[in-house]
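Student: Sharing a structure, written as structure tokens. Questions coming.
The values are calculated or read from the model by the stated rules, or taken from the named source; none is laboratory data. Since the structure is predicted, the reported quantities are computational estimates derived from the model, not experimental observations. Cβ placement follows ideal geometry from the backbone for every residue including glycine, while neighbour counts extend to all protein chains displayed. What goes into the accessible areas is simple: the full protein's heavy atoms, side chains included, and nothing from ligands, DNA or RNA. Shrake-Rupley method; radii C 1.70, N 1.55, O 1.52, S 1.80 Å.
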Amino acid sequence: MKKDFSIVGKSVPRNDGKAKATGTATYTDDIKLPGMLHGKILRSPFPHARILNIDTSRAASLPGVKCVITGEDTPKIKYGNWRLFPDTQDEYPLAIDKVRFIGDEVAAVAAVDADTAEEALELIKVDYEELPGIFDIDSAIKEGAPVLHDYCPGNISVNRKIHYGDIEKAFAESDYVREDVFNVHAVSPAYLEPCAAVAQCDLDGRITLWTSTQVPYIVQCLLASTMGMRENDVRVIKPFVGGGFGGKMELRTWEFCAAFIAKKTGRPVKFTMTREEEFLAGRRRHAMKLYSKVGFKKDGTLTGKDLRIYLDGGGYNAMGPTATFLCGTFGAMLYRYPNYRFWGQHVYTNKPPASAMRGFGAPQSLFATESQMNIAAEELGIDPIELRIKNAQVTGDEIPDVATISSCGFIEALQKAAEMSGWKEKRYSPKPGQGIGIGCYSFISGGVFNWFNTQFPFSAAEVRVFDDGTAHLLTMAADIGQGCDTVLKQILAEELGLKMEDIRITSADTSTTPQADLGAWGSRLTMMNGNAVLDAAKKIKAQLFGAVSARQNLNVIHELGCKDGMVFPKSRPDRGIPFGEAVAMAQKANRGEPLVERGYYTPRDKGLVTPAFSFGAQISEVEVDKDTGVVRVKKFWTAHDCGTVINQMAVEGQLEGSIQMGLGYALSEQFVMEDGKTLNTNFLDYKMPNAMDVPPSEVAHIETYEPEGPMGAKEAGEGLAIPTAPAIADAVHHATGYRCKDLPITPEKILAGKKD
Amino acid sequence: MKQIIELNVNGESYTVAVNPWQTLNEVLREEINLTGVKLGCGSGDCGACTVMVDGRAVSSCLSLAVEMVGKEIMTVEGMAPSGEELHPIQESFVKKGAIQCGFCTPGMELTALNLLNNNPSPTYNEIREALAGNLCRCTGYKKIIEAVGAAGQKMKEASERKTS
Ligand code: FES
Ligand code: FES
């Protein structure tokens with residue numbers, strides 16, 4: 001079902017572009033309040049240690065210091081995003097008794113300025129008893145390994161299993177079975193804006209928190225619970241946010257400390273992280289060890305897959321439980337596996353906690369899938385694209401007990417990518433030192449799971465319309481740079497027949513925007529909030545249509561529409577009434593009551609994972625220097641299916657940004673660690689691709705219509721972070737004979753492993 | 001001890017009391033409230049803090065405020081000719097989708113201005129080279145590079161119109 005749209009599908013410049021271009025957009029660290037104190041956090045220098053004593057007296061008496069707190073001063077309430085399973089909530093805002101990674105938060109200081117707060121940190125004396133640390137998965141799960149959390153003796157905090165079909169039988173009946181072990185590394189979300197929070201407490205003890213977050217509602221709830229307050233007494237406001245990519249989706253220590261100290265001192269408090277803190281202790285993508293076994297028939301038909309994954313979780317669960325769950329889901333995506341078995345385990349180690357990061361388990365899980373698919377294609381003597389097409393999921397496919405795929409343009413994407421890139425020619429008549437490779441992805445359009453245990457719908461929108469022909473959209477959806485404010489406005493403008501400039505938007509303030517929203521993660525906003533906006537808009541239209549119909553004395557069989565600022569009977573478009581006048585009529589009919597409607601969306605009966613999946617294929621061409629092993633990516637071609645494209649330019653921007661991140665993941669980004677200590681804590685040593693590194697790319701949107709999505713739309717942008725690493729790895733193999741199963745792909749590995 | 005200095009920023013003069021170790025970034029943000037100047041790393045590696053000093057792009061996080069006396073400083077707030085009108089670079093960034101989270105934007109724009117002042121018609125590669133010291137985690141740079149190219153074009157046309 002395709003429709004003619006006026007605004008949807010166009011390249012609409014973003015809502016906040018001017019504010020950002022002129023420097024007037026206010027980010028959290030730009031906020032300054034009268035009497036504001038500046039906070040700093042004292043972090044553990046040891047990866048694993050018992051806290052014997054903390055003496056804050058000297059710090060507290062330093063002139064200018066207004067407050068020093070340690071875990072002992074706090075209510076000692078644990079938190080974590082999986083509220084439904086309190087056992088998984090393993091983190092305190094400030095360490096109690098023990099520290100579990102270098103950088104773990106031990107104490108906080110607030111002073112009249114940042115320099116004084118910093119100076120005070122040095123005056124806090126902590127007596128530690130060092131404990132043996134564990135820094136990798138194998139040592140963590142060994143018998144007798146040191147234990148991080150008393151409740152979890154084997155250091156495995158989450159177990160997730162999926163099993164359907166008969167995997168042993170499938171392998172026994174296969175003509176070809178392939179087993180590999182893959183290792184993928186941790187990387188930083190490296191959003192440009194370091195985390196920050198500003199808290200203020202009013203005279204009634206209520207907290208307002210401005211914070212650089214992707215999840216205002218989750219922060220509101222968890223801040224309230226850790227402070228021992230009522231949720232409604234905490235207001236969270238998301239100012240402009242300089243990127244998140246999954247790294248800002250939990251309650252964090254500085255948010256708690258800002259609020260706690262604001263309450264204690266009666267003065268506003270600001271905490272801003274440094275880049276060094278971000279790299280030293282910040283959230284990151286999980287390193288994983290993946291054992292994957294797949295079976296095929298001679299003709300290339302997949303028979304089944306057995307996938308075993310260990311996630312290197314670091315010191316706390318953070319979003320690890322969700323990542324563990326999703327790894328298993330993504331392991332069964334893209335291809336038809338009649339038999340599938342998954343076992344994922346989340347392992348504690350004495351390193352900074354890994355958490356969500358763009359792709360949320362999928363970049364790791366699908367690196368294994370896609371690399372193995374390329375290996376199998378080679379060994380079976382089948383073209384890797386042909387092999388994929390043979391096994392590709394299609395619209396209507398069911399993943400047992402998990403989901404039904406309601407729209408899928410995967411095969412078309414494979415064909416298109418092959419065509420755009422000149423695959424056949426380049427793959428089969430390669431030039432020396434050059435190679436071409438492929439990687440694919442599928443991703444969720446928001447999760448259907450409710451481990452946070454929200455008591456509200458998954459998304460909500462309020463629409464107010466006015467007799468001057470304008471509308472006001474209120475939503476808790478968090479625009480963190482991805483552009484959901486603009487996309488939601490487009491959806492509303494389209495549905496009400498208004499122009500973008502007719503709509504004002506207020507977003508992400510938990511006290512004024514409608515309850516609730518689970519936040520910006522898992523690519524959920526276009527799908528979930530888009531549907532909520534549509535729901536509200538439809539209710540507004542029902543009211544307008546009633547009023548217009550009465551005024552024009554229309555026969556009840558007439559359908560009405562909204563377009564170009566007019567409300568009109570579809571059979572008599574000439575008898576339209578301007579939108580504002582229609583609003584005035586409806587308002588009159590309601591004796592002056594303003595016209596306000598709320599819309600909601602909660603995915604129901606949509607299986608266990610998501611209401612809709614995106615799909616796509618990416619091909620990369622590389623050149624490898626035969627003496628140095630240095631890889632230069634020459635070009636990317638991507639064909640992807642995100643359903644209806646709501647904003648062309650925004651989708652392209654998501655894709656291009658994903659390539660930058662995927663390129664870094666594949667080739668250059670990694671944490672250099674020694675016994676739990678991160679050695680590269682700046683952008684000079686943590687090598688994120690710059691403008692010179694990113695090669696040209698070409699993109700094709702595969703048109704599908706997702707029935708569950710708003711106007712046919714589904715996920716765009718997060719899944720695209722997945723295919724780049726396997727595509728480059730395949731191209732490097734094509735160029736050199738070296739098959740990378742151990743990310744990142746470095747020149748040293750290539751030189752050691754190349755075949756010519 | 002704090003020193004009283006006078007700074008010339010965006011054509012206006014500000015008298016501020018600063019410590020000798022304070023960076024230009026800190027003084028612009030904290031004392032003069034020009035928060036369009038961002039701080040992404042504090043170590044000269046990301047470019048988010050870029051400002052113009054005497055017509056050259058510099059990292060404000062690495063410059064000491066006391067060394068800026070007598071120099072002309074321009075921040076992103078000083079780029080647009082008026083509150084209603086945008087600088088062609090800014091306009092181009094908005095229209096071409098070169099902005100996502102926007103945190104790198106002020107620094108990118110000033111680096112672009114620096115480039116276009118010296119080289120009014122840069123090639124795609126020259127733009128990439130010029131922007132290599134400014135990190136962006138959102139856009140993948142493509143639209144930024146295109147926006148700079150388009151802005152250069154526009155600025156060139158405008159200056160040709162002026163001189164003809
Ligand atoms: S903040 Fe100055 S270069 Fe990063
Ligand atoms: S737009 Fe987010 S860092 Fe560049």
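Student: Taking the stretch A:163-211 on its own, how many of its residues are within 14 Å of chain B (Cβ to nearest Cβ), in a loop (DSSP other than H, G, I, E, B) and either open to solvent by 20 Å² or more (accessible area, probe 1.4 Å) or within 16 Å of ligand 1 (Cβ to nearest atom) (or both)?
Tutor: 7
Student: Given the options A:D115, A:D104, A:D97, A:D29, name the one that is under 24 Å from B:C41 (Cβ atoms) and free of Cβ contacts under 8 Å to residues at least 60 places away in the same chain.
Tutor: That would be A:D115, the only listed residue that is under 24 Å from B:C41 (Cβ atoms) and free of Cβ contacts under 8 Å to residues at least 60 places away in the same chain.
Student: Another question about this same structure. Conditions: (1) charged (D, E, K, R); (2) modelled with pLDDT of 95 or more; (3) out of contact with any Asp or Glu (no Cβ under 8 Å at 6 or more places or on another chain). B:E84 meets all but one. Number of the miss?
Tutor: In the conditions (1) charged (D, E, K, R); (2) modelled with pLDDT of 95 or more; (3) out of contact with any Asp or Glu (no Cβ under 8 Å at 6 or more places or on another chain), B:E84 misses (2) alone.
Student: Same structure again: Take the conditions assigned to a helix (DSSP H, G or I) and at pLDDT 95 or above and apply them to A:A376. Does it pass?
Tutor: yes
Student: Any residue at all in the stretch B:1-22 that is near ligand 1 (Cβ under 9 Å from one of its atoms), modelled with pLDDT of 95 or more and surrounded by 15 or more Cβ atoms within 10 Å (Cβ to Cβ)?
Tutor: no
Student: Moving to a separate point now. Counting only residues that are part of a loop (DSSP other than H, G, I, E, B) and either under 19 Å from B:M74 (Cβ atoms) or within 18 Å of the chain's Cα centre (by Cα) (or both), how many does the stretch B:140-164 have?
Tutor: Count: 1.
Student: If you don't mind, there's one more thing I want to ask. Based on what the data block shows, is A:R58 in a loop (DSSP other than H, G, I, E, B), open to solvent by 20 Å² or more (accessible area, probe 1.4 Å) and basic (K, R)?
Tutor: no
Student: List the residue pairs whose Cβ atoms are under 7 Å apart, where the first residue sits in the stretch A:135-162 and is assigned to a helix (DSSP H, G or I), the second is open to solvent by 20 Å² or more (accessible area, probe 1.4 Å), and the two are 6 or more positions apart or on different chains.
Tutor: Taking only residues 6 or more apart or on different chains, the pairs are A:I137/A:K289; A:I137/A:Y310; A:I141/A:G154; A:I141/A:I156.
Student: Pick out the one residue from A:K489, A:K541 that is more than 33 Å from the chain's Cα centre (by Cα), in contact (Cβ under 8 Å) with a residue 24 or more places away in the chain, outside any strand (DSSP E or B) and crowded, with 16+ Cβ neighbours inside 10 Å.
Tutor: Result of the check over A:K489, A:K541: A:K541.
Student: Sticking with this one: Please name all residue pairs, on different chains or six or more residues apart, with Cβ atoms under 9 Å, provided the first residue is in the stretch A:697-711 and is within 14 Å of another protein chain (Cβ to nearest Cβ) and the second residue is surrounded by fewer than 18 Cβ atoms within 10 Å (Cβ to Cβ) and among the basic types (K, R).
Tutor: Every condition considered, the pairs that remain are A:S697/A:K635; A:E698/A:K635.
Student: Sticking with this one: Please give the number of the condition A:F46 fails out of (1) open to solvent by 30 Å² or more (accessible area, probe 1.4 Å); (2) more than 14 Å from chain B (Cβ to nearest Cβ); (3) without any contact (Cβ under 8 Å) to a residue 40 or more places away in the chain.
Tutor: (3)
Student: To continue, here is another question. Among the residues of the stretch B:99-117 satisfying the criterion of being among the aliphatic types (A, V, I, L, M) and within 9 Å of ligand 2 (Cβ to nearest atom), which is farthest from B:A158 (Cα to Cα)?
Tutor: B:I99
Student: Looking only at the stretch B:113-139, how many residues end up being closer than 24 Å to B:C61 by Cβ and in a helix (DSSP H, G or I)?
Tutor: Looking only at that region, the number is 11.
Student: Let me ask something else. Just wondering, is there one or more residues in the stretch B:72-83 that are surrounded by 24 or more Cβ atoms within 10 Å (Cβ to Cβ) and more than 14 Å from ligand 1 (Cβ to nearest atom)?
Tutor: yes
Student: For the condition within 32 Å of the chain's Cα centre (by Cα) and either within 21 Å of A:S355 (Cα to Cα) or among the hydroxyl-bearing types (S, T, Y) (or both), what is the one hit in A:Y79, A:Y128?
Tutor: After ruling out the rest, the residue left standing is A:Y79.
Student: Restricting to the stretch A:492-513, give me the number of residues that are open to solvent by less than 30 Å² (accessible area, probe 1.4 Å), under 20 Å from A:L209 (Cα atoms) and in a strand (DSSP E or B).
Tutor: 2
Student: Please work out if A:I41 is in contact with a Cys (Cβ under 8 Å, 6 or more places away or on another chain) and either under 30 Å from A:I134 (Cα atoms) or within 10 Å of another protein chain (Cβ to nearest Cβ) (or both).
Tutor: Against the criterion (in contact with a Cys (Cβ under 8 Å, 6 or more places away or on another chain) and either under 30 Å from A:I134 (Cα atoms) or within 10 Å of another protein chain (Cβ to nearest Cβ) (or both)), A:I41 qualifies.
Student: Among the candidates B:T35, B:T75, B:T23, B:T50, single out the residue that is within 11 Å of chain A (Cβ to nearest Cβ) and in contact (Cβ under 8 Å) with a residue 40 or more places away in the chain.
Tutor: Just one listed residue meets the conditions, B:T75.
Student: Something else: Can you spot a residue in the stretch A:661-677 that is more than 15 Å from A:V187 (Cβ to Cβ) and part of a loop (DSSP other than H, G, I, E, B)?
Tutor: Yes, some residue in the stretch A:661-677 is more than 15 Å from A:V187 (Cβ to Cβ) and part of a loop (DSSP other than H, G, I, E, B).
Student: Go through the stretch A:61-75 and report how many residues are exposed (fewer than 13 other Cβ atoms within 10 Å of the Cβ) and assigned to a strand (DSSP E or B).
Tutor: Result for the stretch A:61-75: 0.
Student: Any idea which of A:V184, A:V215, A:V198 is under 20 Å from the mean Cα position of the chain (by Cα) and closer than 27 Å to A:D73 by Cα?
Tutor: None of the other options fit; the residue is A:V215.
Student: Right, next: Would you pick out the residues in the stretch A:2-38 that are away from every other protein chain (no Cβ under 14 Å) and at positive phi?
Tutor: The answer is A:G9, A:G35.
Student: I'm checking my understanding of the structure. Among residues of the stretch A:674-685 that are under 22 Å from A:S44 (Cα atoms) and at the interface with chain B (Cβ under 10 Å from one of its Cβ atoms), which one is farthest from ligand 1 (Cβ to nearest atom)?
Tutor: The qualifying residue farthest from ligand 1 (Cβ to nearest atom) is A:T681.
Student: If I filter the stretch B:111-129 down to residues being among the aliphatic types (A, V, I, L, M) and buried (at least 22 other Cβ atoms within 10 Å of the Cβ), which single residue comes out as farthest from the chain's Cα centre (by Cα)?
Tutor: B:I127
Student: A further question follows. Residues in the stretch A:76-128 that are assigned to a loop (DSSP other than H, G, I, E, B) and either more than 25 Å from A:Q220 (Cβ to Cβ) or at pLDDT below 95 (or both): how many?
Tutor: Residues flagged as assigned to a loop (DSSP other than H, G, I, E, B) and either more than 25 Å from A:Q220 (Cβ to Cβ) or at pLDDT below 95 (or both) within the stretch A:76-128 amount to 10.
Student: Moving to a separate point now. Restricting the search to the stretch A:324-353, which residues are of a type in the set (A, V, I, L, M, F, W, C), in contact with a strand residue (DSSP E or B) (Cβ under 6 Å, 6 or more places away or on another chain) and open to solvent by less than 10 Å² (accessible area, probe 1.4 Å)?
Tutor: Hits for the stretch A:324-353 are A:C327, A:A332, A:M333, A:L334, A:F342, A:V347.
Student: Are any residues in the stretch A:427-469 surrounded by 19 or more Cβ atoms within 10 Å (Cβ to Cβ) and part of a helix (DSSP H, G or I), and if so, which ones?
Tutor: Once the filter is applied, which keeps residues that are surrounded by 19 or more Cβ atoms within 10 Å (Cβ to Cβ) and part of a helix (DSSP H, G or I), the stretch A:427-469 yields only A:R427.
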